[in-house]
Structures are given as structure tokens and as C-alpha cells.
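Below is one structure, written out as C-alpha cells; the observations come after it.
The values are calculated or read from the model by the stated rules, or taken from the named source; none is laboratory data. A quick note: this is a predicted structure, and the numbers were derived from the prediction, not measured. Glycine gets a Cβ as well: all are built from the backbone with ideal geometry, and neighbour counts include every protein chain shown.
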Amino acid sequence: MKKYIPLLAFLALFLLTQSCQAPKEQKIVVLKLDDVTAGDNGEIVSSRWQRVADYIEGKKIKAGFGIIGFSLAENNPEYFKWITDRAGRGYIEFWNHGYYNRTKGDTIGEFEGTYDQQLRALQLTDSLAKANLGLQLNVWGPHWTSTNRDTDKALSQLPQINMTLGSPRNPRHFKGYVMPHNLDMEYPVHNPNFDEFLKAYRGRWNGLDYFY
């Protein structure tokens, strides 16, 4: 795994605190935080995103924030500046989290469709980030969707993406690093549960080089 460390500019490399009562051995922890979009009701971003960003910068740790590309499609200078300011400080790296604003009514996920649909989603977010933020997004992870074999082919068309998060498994076309997902924080999804997280973390400590 060490040979990939230079690619992981956004990874949070820090010691787990004693509040988790962790063993003294050091581990790598990856903070993957999803679904950055513009805020509502006059907020630049939601107050939750603001608190998370302030905490990370205040503690001088590193994290990766996944941008959903539709939020870059409309002219929103304050939102764009919020992202670029944080990217420039070096603690937060923003990554490609797909494009479409999915709803509960959608029947299939964004990366469960055809090759052309998936490639378009990847390219839209990539091009908008370059045009409106001046950022190249080198990491991708799916947003509220599974993947299929066309995902592998679509990702291979964006050579700037050198890492993906969790998917696709066993790629044939994509030549970057696929970081396996090994630890959840939500039990079930959208329901953070510290006790369940801690139990899983302790149970897997000895078998993993890092946690994501």
C-alpha cells in the first residue's frame, strides 16, 4: 500500500485519539466525506459542512470532500470561493463524486447506467471543476449508486483520475488504485452510530493497514 501514498494528497494521516481507547500502534485513517453541494436559504454551504471544515482546519488534519457536480453548474461565486479557499489551505482535497442530483424516485443509480451516461457524468463534474474552480479532481467515488462493468471503462477515459474509492472491483481498464472500503460509520446508512463504529474498528484493528 505504501507505494500509493504519494497519490493520496487528501488522506487524513493522523493518530487515533485515546478517546477511542485504541491500541498504541499507529494506523492510517482516511476521512472520506461525501456530498458537498451549495447551501440553501442564503447559506454558502450547509452549517454542517461549515462546522466540519472549520474543525478539520482547526485541528490541522486532512480530509477528502466529494463534490456532486450539479452544484457547480450554476454561477455561484461565493460557493466556488468557499471550495477554492479550502483547497488552497492544503487540509481538504475535493474529489469527483459524480454529477447528478439523485432523488428517491430514481430507479437506477448514476453509475448503473450505460457507458455513455457514466462517462458524461464523470466528464461533466471534471470539466466544471476545472472551469469554475481551477481544480483538477484526481479521485472519484460513486454517489448513492452501485457500479457496473461500464464504470471501469468510463473511468479509464479520464487519466487524471488516479484513484477511486471502493469501486469498481477488479477493474480491467482503469489503471489507477482502487481503495477498498473497510469500515462504516453509519448503521444503517445515514444513521451515524459511534458504538457500532467502535466495535467494528476494534474488531478489525489487527488485520488492516488503514481505515476508510
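Observations, loosely collected:
- Close Cβ contacts (under 8 Å, 6 or more residues apart or on different chains) running from residues in segment 71-88 that are among the basic types (Lys, Arg) to residues that are surrounded by fewer than 19 Cβ atoms within 10 Å (Cβ to Cβ) comprise 86/57.
- Qualifying residue in segment 161-183 (condition: under 19 Å from residue 72 (Cα atoms), outside any helix (DSSP H, G or I) and at pLDDT 95 or above): yes
- Residue selected from segment 89-144 under the condition under 18 Å from residue 74 (Cα atoms) and polar (S, T, N, Q), by the criterion modelled with the lowest pLDDT: 101
- Within segment 186-212, residues that are polar (S, T, N, Q) reach partners that are assigned to a loop (DSSP other than H, G, I, E, B) with beta carbons closer than 8 Å, at six or more positions or on different chains, in the pairs 193/185; 193/187.
- Output for segment 31-55, where each listed residue is among the hydrophobic types (A, V, I, L, M, F, W, C), within 20 Å of residue 192 (Cα to Cα) and either in contact (Cβ under 8 Å) with a residue 40 or more places away in the chain or exposed (fewer than 13 other Cβ atoms within 10 Å of the Cβ) (or both): 36
- Residue tally, condition free of Cβ contacts under 8 Å to residues at least 60 places away in the same chain and either buried (at least 21 other Cβ atoms within 10 Å of the Cβ) or basic (Lys, Arg) (or both), over segment 149-185: 13
- Close pairs (9 angstrom Cβ cut-off, 6 or more residues apart or separate chains): free of Cβ contacts under 8 Å to residues at least 24 places away in the same chain in segment 93-109, hydrophobic (A, V, I, L, M, F, W, C) anywhere: 106/144
- Residue in segment 187-195 that is loosely packed, with under 13 Cβ neighbours inside 10 Å and assigned to a helix (DSSP H, G or I) present: yes
Residue-by-condition table, conditions (1) under 25 Å from residue 207 (Cβ atoms); (2) basic (Lys, Arg); (3) over 13 Å from the mean Cα position of the chain (by Cα):
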site	(1), (2), (3)
143	no, no, no
148	no, no, yes
152	no, no, yes
156	no, no, yes
159	no, no, yes
164	yes, no, no
173	no, no, yes
179	yes, no, no
183	yes, no, yes
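- Residue selected from segment 138-148 under the condition touching a Phe, Trp or Tyr at 6+ places or on another chain (Cβ under 9 Å) and either more than 15 Å from residue 111 (Cα to Cα) or of a type in the set (A, V, I, L, M, F, W, C) (or both), by the criterion surrounded by the most Cβ atoms within 10 Å (Cβ to Cβ): 140
- For segment 120-137, the count of residues that are within 16 Å of residue 32 (Cα to Cα) and surrounded by 14 or more Cβ atoms within 10 Å (Cβ to Cβ) is nonzero.
- Residue 27 vs. criteria modelled with pLDDT under 95, of a type outside the set (S, T, N, Q), touching a Gly at 6+ places or on another chain (Cβ under 7 Å) and over 20 Å from residue 84 (Cβ atoms): no
- Take the conditions (1) out of contact with any helix residue (DSSP H, G or I) (no Cβ under 8 Å at 6 or more places or on another chain); (2) assigned to a loop (DSSP other than H, G, I, E, B); (3) not small (Gly, Ala, Ser); residue 158 misses just one of them, which is (1).
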